[in-house]
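Notes follow once the structure below has been shown.
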Amino acid sequence: MIDLHWEWLGTLSYDTALDLQRKRREAVISAKAPEVLWLLEHEPVITTGRRKVDNLPSEESLRKSGVSLHQTERGGLATFHGPGQLVAYPIIDCWSRRLGAKGTVHALEQGVIRWLERHSIPAERRSGYPGVWIGKSKICAVGMHFRRGVSMHGVALNLNMDLDQFSMFTPCGITDGNVTHLANFTDSPPTPEQAAPSLAADLIYSLAHPECTI
């Protein structure tokens, strides 16, 4: 079993969480702190990755809606984080664990798939599109960044969100599908805090068993 501790951080602004991730990753790289899996919920924010994204709302219009905008170093295009979404950030040495970039992404996807199966939701990967899908509806986004083999950023699982927030832009560049959440499939979706312990367990299991992720 992978020796990985997880923590629930509560609801954080994206700025705060990003600063925590960067500092912890540097500490892991320099062997000054152990690896960790952080689970949390974000205040409303649209984030983008390294690739250029067109047709985003202006920062002024977003501010009026109470939504911030951040460009990051992760892979992927634009996505939304906010209340009712459970975010998991693994700060782990993926190279030492012989996961690699692709293996880490697959392990995280598989952990989410395992968790959804426990809720009787038949989720899967979709060829050519990172994340976890129910048909052509995306329920979980994945975006990672690695420095000296240590990961940051991670997965965002939609539990019970205001999906209208995704209509402000083209989420993850999806043009032949949509975004969904667990609330569309169950009458009593858990809150992010309620779901955190079981999702953490499934993510840690999948990271420990990469042979089961492909």
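The values are calculated or read from the model by the stated rules, or taken from the named source; none is laboratory data. In this text the structure is predicted, and so the values were computed from the model without any measurement. Glycine gets a Cβ as well: all are built from the backbone with ideal geometry, and neighbour counts include every protein chain shown. These accessible areas exclude ligands, DNA and RNA; they are computed on the full protein's heavy atoms, side chains included. Shrake-Rupley method; radii C 1.70, N 1.55, O 1.52, S 1.80 Å.
Annotations for the structure displayed:
- Counting only aspartates and glutamates at least 8 places from residue 32 when in the same chain, those with an alpha carbon closer than 19 Å to its own are 3, 7, 19, 93.
- Take every pair of alpha-carbon atoms less than 8 Å apart whose residues are at least six positions apart; their mean separation over the length of the stretch 82-214 yields a relative contact order of 36 percent.
- Rounded, prolate or oblate (a/c below 1.5 giving rounded, otherwise prolate when a/b exceeds b/c) for the stretch 27-116 by Cα gyration tensor: prolate
- Per residue accessible area of the stretch 33-141, 1.4 Å probe, in Å²: 44
- Considering only 113, 46, 29, the mean-square fluctuation computed in a Gaussian network model of the chain, springs between alpha carbons under 10 angstrom, is largest for 29.
- Formal net charge of residues neighbouring residue 4 (Cβ-Cβ distance under 14 Å; K, R +1; D, E -1): -3
- Classification of the stretch 79-146 by its C-alpha gyration tensor yields a prolate form. The axis ratio a/c (a ≥ b ≥ c) is 1.5 or more, and a/b outweighs b/c.
- Candidates 55, 158, 184, ranked by Gaussian network fluctuation over the chain, Cα under 10 Å, top entry: 55
- Where chymotrypsin sites (Phe, Trp or Tyr not before Pro) fall in DSSP loop in the stretch 80-172, at most 16 other Cβ within 10 Å: 95
- By the rule of a C-alpha distance below 14 Å, with chain neighbours fewer than 8 residues away ignored, the aspartates and glutamates paired with residue 23 are 15, 35.
- Accessible area per residue (1.4 Å probe, heavy atoms of protein chains only) ranks 19, 164, 187, 3 as 187, 3, 164, 19, with the largest value leading.
- When you filter the trypsin sites (Lys or Arg not before Pro) in the stretch 1-109 for DSSP loop state and at most 13 other Cβ atoms inside 10 Å of their Cβ, you are left with 32, 50, 51, 52, 98.
- Once the C-beta distance of residue 70 and residue 101 is scaled by a Förster radius of 22 Å, the resulting FRET efficiency is 0.50 to the nearest 0.05.
- Around residue 27: net Lys/Arg minus Asp/Glu count, Cβ-Cβ under 15 Å: +2
- Proximal charge balance of residue 13 [Cβ under 10 Å; K/R count +1, D/E count -1]: -3
- Fraction of accessible area attributable to carbon and sulfur, the stretch 74-214 (%, probe 1.4 Å): 47
- Highest-MSF residue in the chain out of 151, 68, 198 [GNM, Cα springs under 10 Å]: 198
- Distances between placed amide hydrogens fall under 5 Å for residue 69 paired with 46, all partners being 5 or more residues away or on another chain.
- Split the accessible area of the stretch 23-66 by element, probe 1.4 Å, and carbon with sulfur accounts for 46%.
- Beta bridges per DSSP with both ends in the chain, % antiparallel, nearest 5: 70
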